[in-house]
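First comes the structure, then the notes that go with it.
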């Protein structure tokens, strides 16, 4: 299946408490970004990587595998995607993944793409369930289980924080959808705190009568990103366990 993948790798990773760009921290002896790029290349050769000035010195090994786009300011995930507006494909599905997710697999990306097509959705998002959802964004559904919106943890109400369905951040868009609606995500009214969030595209698409849906992952390890030193340790333990099996 033809598609494009956008890898967001410009986050400053302040919770990692390290001078090294977050995506350059190693899991199983390889930088996380190298693992993500390897897994996405198993899906498509049309890859765009969004980077920061901090990451720029580390990009040389990857220049033959993807196109690059600079996010000059850390203004959030929607802004990161907006930075590649001119490179976004219009005639194939577009998937957005994150450079700090070393376990995102080609198979789960393909499953999400197939889910998008089988449900005739404009956008489908990958979600997971955890009894201890921590600071992950929450998936708000209606009484029928349909996706209503995604709420960032820092903006969630106490009731919404009780929700155990979590946002992985991975989304796939039908042809033309991302390029059409991403500009709506970076308007002044969409700015929360100091950021523009890609998650706002769910409500925006709904407002324009586009169908949105989600795919529930049964493997939390695949979808969880690495944001702290503790999560980095856990990710390395997962790799170690897999090699020992």
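The values are calculated or read from the model by the stated rules, or taken from the named source; none is laboratory data. Everything quoted here is computed from the prediction, not taken from an experiment. As a convention, Cβ positions derive from the backbone with ideal geometry for all residues, glycine included, and neighbour counts pool all protein chains shown.
Things worth noting here:
- Scan the stretch 42-82 for residues that are under 17 Å from residue 5 (Cβ atoms), in a helix (DSSP H, G or I) and more than 17 Å from the chain's Cα centre (by Cα) and the total you get is 1.
- Count - residues of the stretch 83-109 that are farther than 22 Å from residue 184 by Cβ and part of a loop (DSSP other than H, G, I, E, B): 7
- Considering the stretch 110-147, and only residues there that are touching a residue at least 40 places away in the same chain (Cβ under 8 Å), more than 14 Å from the chain's Cα centre (by Cα) and in a strand (DSSP E or B), the residue that is surrounded by the fewest Cβ atoms within 10 Å (Cβ to Cβ) turns out to be 129.
- Residue 173, sole failed condition from (1) under 21 Å from residue 99 (Cα atoms); (2) surrounded by fewer than 22 Cβ atoms within 10 Å (Cβ to Cβ); (3) touching a residue at least 60 places away in the same chain (Cβ under 8 Å): (2)
- Complete set of residues in the stretch 184-194 that are surrounded by fewer than 16 Cβ atoms within 10 Å (Cβ to Cβ), under 19 Å from residue 10 (Cα atoms) and either touching a residue at least 40 places away in the same chain (Cβ under 8 Å) or touching a strand residue (DSSP E or B) at 6+ places or on another chain (Cβ under 9 Å) (or both): 192, 194
- Any hit, the stretch 13-31, residues being over 26 Å from residue 235 (Cβ atoms), touching a strand residue (DSSP E or B) at 6+ places or on another chain (Cβ under 9 Å), touching a residue at least 24 places away in the same chain (Cβ under 8 Å) and surrounded by 21 or more Cβ atoms within 10 Å (Cβ to Cβ): no
- Residue in the stretch 205-228 that is surrounded by the fewest Cβ atoms within 10 Å (Cβ to Cβ), counting only those that are assigned to a helix (DSSP H, G or I) and modelled with pLDDT of 90 or more: 207
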